[in-house]
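S.K.: Quick one: the structure is below, and I'll ask about it shortly.
The values are calculated or read from the model by the stated rules, or taken from the named source; none is laboratory data. Not measured: the values here are computed from a predicted model. Methodologically, a virtual Cβ is constructed for each residue, glycine included, from the backbone with ideal geometry; neighbour enumeration extends over all protein chains shown. Calculation scope for accessible area: heavy atoms of the full protein, side chains included, ligands and nucleic acids excluded. Shrake-Rupley method; radii C 1.70, N 1.55, O 1.52, S 1.80 Å.
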Amino acid sequence: MSRSVLVTGGNRGIGLAIARSFADAGDKVAFTYRSGEPPEALTELGCLAVRCDITEPEQVEQAYKEIEEKQGAVEVLVANAGVTRDQLLLRMSDEDFTSVLETNLTGTFRVVKRATRGMLRSRKGRVVLISSVVGLLGAAGQANYAASKAGLVGFARSIARELGSRNITCNVVAPGFVDTDMTKALSEEQRKGIVGQVPLGRYAQPEEIASSVRFLASEEAAYITGAVIPVDGGLGMGH
């Protein structure tokens, strides 16, 4: 059965792979992007491109109105949009810290809150938040990013307790290092150093993250909520 799906930050990398995975499965997929042009890889599949900066409440509301008008109330929300502003703590400005939390944590709060309005009415829904292994392990130079991604875990588990009785699940996927444009920009030496920390000895492919997200949004995962699913090649074991 075709569902109305929204993927925030679906224009590249992990988000694009997630959006394409749902579209390939026959769902009606909308995705947000903040700037530039939406990728043809998604628009050619019939996905709805919605320009939206999730740090702006008015844009979030307008995005949902457009999605509801064109494909119905959101039944599956994947909150993926995120940013980094890496810096060592003593050099990190207030803006470096707050801007990352505003997008990654507060922005997620906004899109989840708005999506659950329709889910509560229909008494069903799936929410999947994209965190990071960094939110569990920490990383030098990423105190802001790690704090925002760790915050998603407490947020998701609170939502799971609030909304579980209405047949709404909320889970977290915590990717490790993924082969995207961001990691391809690293030097060969940096890439080797990262892979050396991963028990499986390689980067994840974006599609491997997408398959875990789709599982959590499926009927097979109807009794899973408040979970943190690591897709990190074993990097974060024990956390």
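S.K.: For the range 28-50, give me each residue that is closer than 29 Å to V153 by Cβ and surrounded by fewer than 17 Cβ atoms within 10 Å (Cβ to Cβ).
M.R.: S35
S.K.: Scan V153, V172 and give me the residue that is at pLDDT 95 or above, touching a strand residue (DSSP E or B) at 6+ places or on another chain (Cβ under 8 Å) and outside any helix (DSSP H, G or I).
M.R.: Checking each option against the conditions leaves just V172.
S.K.: Exactly one condition in (1) more than 18 Å from the chain's Cα centre (by Cα); (2) among the hydrophobic types (A, V, I, L, M, F, W, C); (3) over 24 Å from D86 (Cβ atoms) is not met by A160; state its number.
M.R.: So the condition that A160 fails would be (1).
S.K.: Still on this structure, please answer the following. Please tell me if K113 is closer than 25 Å to S211 by Cβ and either among the basic types (K, R) or within 14 Å of the chain's Cα centre (by Cα) (or both).
M.R.: Here the answer is no, as K113 does not meet what is asked.
S.K.: Go through the range 181-228 residue by residue and tally those that are assigned to a loop (DSSP other than H, G, I, E, B) and charged (D, E, K, R).
M.R.: Going through the range 181-228 one residue at a time, the tally reaches 1.
S.K.: While we're here: Among the residues of the range 43-55, are any on the phi > 0 side of the Ramachandran plot and without any contact (Cβ under 8 Å) to a residue 60 or more places away in the chain?
M.R.: So far as the range 43-55 goes, yes, one or more of its residues are on the phi > 0 side of the Ramachandran plot and without any contact (Cβ under 8 Å) to a residue 60 or more places away in the chain.
S.K.: Collect the residues in the range 115-133 that are in contact with a strand residue (DSSP E or B) (Cβ under 9 Å, 6 or more places away or on another chain), assigned to a helix (DSSP H, G or I) and open to solvent by 20 Å² or more (accessible area, probe 1.4 Å), keeping them in residue-number order.
M.R.: Matches in the range 115-133: L120 only.
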